[in-house]
């Protein structure tokens, strides 16, 4: 009969060998490719993910990876996206990264300045330069300009200007959601009229103090039934920076010379300063203003005084 001691020794040897065998397949491959990127598509199943990792030489066994992921309840927690691997990782660490969505890319800083339009923001994302020594291809490869413009048709004014950190794999929806959520957080319950007025002020007046006075003037004109006559609407209408005299005749609902009241929507994405100016207009005796060639805003009480300011500061 086989003694209990021999059975025990055989069992120990079996479990040691099995454990080493298991650990071997869970360890990083010797030829683990540094700088390897893997894209996990949305809706991809565990078997396909395992096969992709094995094909990319990121795991020794696709079966060991799948078994470990299932055993520790991680298989349904894997986040889709693009992953970068700069150094060898075991299956333990690999599954952990996929479950947490640790993509391995450094966030890219994107600064959206006040007063940009949705179209200008879209173009900015396409023009972002790679960090030094970083990626050389298109940075936001999942960002689509046309999709962005289509989905932000009714969001002009609500894409809050700020400095953001986006991963290179950020998709169009991620960008839109981040910017609109930031608007809600920073601007609160700003009404549509406030946002429209703020968008005009943002483009019309650079000085923070002058903005509240201009806000008071524009709200006053609305109450009096006057046309707002805001020149800043024309670059939004024409797409050109220069405003020509003939532009004043353009038949557009945004033409504040031909149509009284506020434009139908914002003409830019205003910052918090302009929004606060729209919310808190400053009363003054003025009814007219202009931005002079000296970079200052000049106010006047009467139209005659306004004409004199034009002669003095615009010629």
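The values are calculated or read from the model by the stated rules, or taken from the named source; none is laboratory data. All values derive from a computational prediction rather than experimental measurement. For neighbour counting, all protein chains shown are included, and Cβ atoms are generated from backbone atoms with ideal geometry for every residue, glycine included.
Of note:
- Residue within the range 60-76 that is in a loop (DSSP other than H, G, I, E, B) and closer than 29 Å to residue 159 by Cα present: no
- Which numbered condition residue 312 misses (of (1) assigned to a helix (DSSP H, G or I); (2) in contact (Cβ under 8 Å) with a residue 24 or more places away in the chain; (3) surrounded by fewer than 18 Cβ atoms within 10 Å (Cβ to Cβ)): (2)
- Complete set of residues in the range 268-309 that are farther than 21 Å from residue 115 by Cα, out of contact with any helix residue (DSSP H, G or I) (no Cβ under 7 Å at 6 or more places or on another chain) and not in a loop (DSSP other than H, G, I, E, B): 303, 304, 305, 306, 307, 308, 309
- Residue 32 out of contact with any strand residue (DSSP E or B) (no Cβ under 6 Å at 6 or more places or on another chain) and surrounded by fewer than 17 Cβ atoms within 10 Å (Cβ to Cβ): no
- Residue 110 meets the conditions (1) under 30 Å from residue 239 (Cα atoms); (2) touching a helix residue (DSSP H, G or I) at 6+ places or on another chain (Cβ under 6 Å) in every case but one. The failed one is (2).
- Residues of the range 78-93 classified as in contact with a helix residue (DSSP H, G or I) (Cβ under 7 Å, 6 or more places away or on another chain) and either in a helix (DSSP H, G or I) or modelled with pLDDT of 85 or more (or both), total: 4
- From 82, 74, 106, 119, residue being within 30 Å of residue 205 (Cβ to Cβ) and in contact (Cβ under 8 Å) with a residue 24 or more places away in the chain: 119
- Subset of the range 120-137 that is within 16 Å of the chain's Cα centre (by Cα) and part of a loop (DSSP other than H, G, I, E, B) - its residue that is modelled with the lowest pLDDT: 129
- Residue check, residue 52 modelled with pLDDT of 80 or more, in contact with a strand residue (DSSP E or B) (Cβ under 9 Å, 6 or more places away or on another chain), under 25 Å from residue 106 (Cβ atoms) and loosely packed, with under 13 Cβ neighbours inside 10 Å: no
- Test: residue in the range 276-291 that is within 27 Å of residue 162 (Cβ to Cβ) and modelled with pLDDT under 90: yes
- Scanning the range 243-263 for residues that are in contact (Cβ under 8 Å) with a residue 24 or more places away in the chain and closer than 22 Å to residue 154 by Cα yields 256, 259, 260, 261, 262, 263.
- Tally of residues being surrounded by fewer than 17 Cβ atoms within 10 Å (Cβ to Cβ) and either under 35 Å from the mean Cα position of the chain (by Cα) or closer than 18 Å to residue 234 by Cβ (or both) across the range 295-309: 2
- Residue satisfying all of: in the range 94-113; surrounded by 13 or more Cβ atoms within 10 Å (Cβ to Cβ) and not in a loop (DSSP other than H, G, I, E, B); modelled with the highest pLDDT among these: 110
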